[in-house]
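The values are calculated or read from the model by the stated rules, or taken from the named source; none is laboratory data. In this text, all values refer to a predicted model and were calculated from it rather than measured experimentally. Because the Cβ atoms are built from the backbone with ideal geometry, glycine has one as well, and the counts that use them run over all protein chains shown.
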Amino acid sequence: MRDLPGYANRGSQRARRLSRQADVYSYMVVAGRPEFAPLPLNSGVSSVDASKTNSDGVKQVFFTTLERQYTARKAVQLQQFHWLFLTKSESGWRKVMMFTQTGYYPVNKQPPSPPRDSSNGVIAQAVDTWLQDCRAGIK
């Protein structure tokens, strides 16, 4: 997990549109220690997604990240809560899907956002790249 911020920040920078005038710049500051105890699946996960995550061999990883977003006026810190599903293939671990909730940091009275499918987001892409490097023996 210690390498994840670097992967995420490089991916985010590659994806940024340099010509945009009003952009929110987001940087991952730190990724928390992963938890491997599986969380119960609930009605918040669609039946299509549940079929992917209930399969034999699918493992759950829960981790948090601290991000700093820069707008024109100020920097805002956000805590992201990630629920990652992985499966082991012959060549190594692969991402099945990922859900994320967003909350303010430090915690305020506003509750975190509802879980959203973040399987194609910056953090999920960073996980994919990191896993690919692990399979290649780079990390």
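The residues of region 102-139 that are in a loop (DSSP other than H, G, I, E, B), of a type outside the set (A, V, I, L, M) and touching a strand residue (DSSP E or B) at 6+ places or on another chain (Cβ under 8 Å), listed by number, are Tyr105, Pro106, Gln110, Pro111, Pro112, Ser113, Pro114, Pro115, Ser118, Ser119, Gly121. On the stretch given as region 75-101, residues that are under 16 Å from the mean Cα position of the chain (by Cα) and either of a type in the set (D, E, K, R) or part of a loop (DSSP other than H, G, I, E, B) (or both) total 2.
Candidates Asp128, Asp133, Asp117: the one that is without any contact (Cβ under 8 Å) to a residue 24 or more places away in the chain, of a type in the set (Asp, Glu) and surrounded by fewer than 18 Cβ atoms within 10 Å (Cβ to Cβ) is Asp133. Beta carbons closer than 6 Å, at least 6 apart along the sequence or on distinct chains, pair a first residue in region 48-69 that is more than 30 Å from Gln13 (Cβ to Cβ) with a second that is assigned to a loop (DSSP other than H, G, I, E, B) and modelled with pLDDT under 85 for Ala50/Leu41.
May I ask you to verify whether Asp56 is part of a helix (DSSP H, G or I) and either among the acidic types (Asp, Glu) or crowded, with 16+ Cβ neighbours inside 10 Å (or both)? The answer is no for Asp56.
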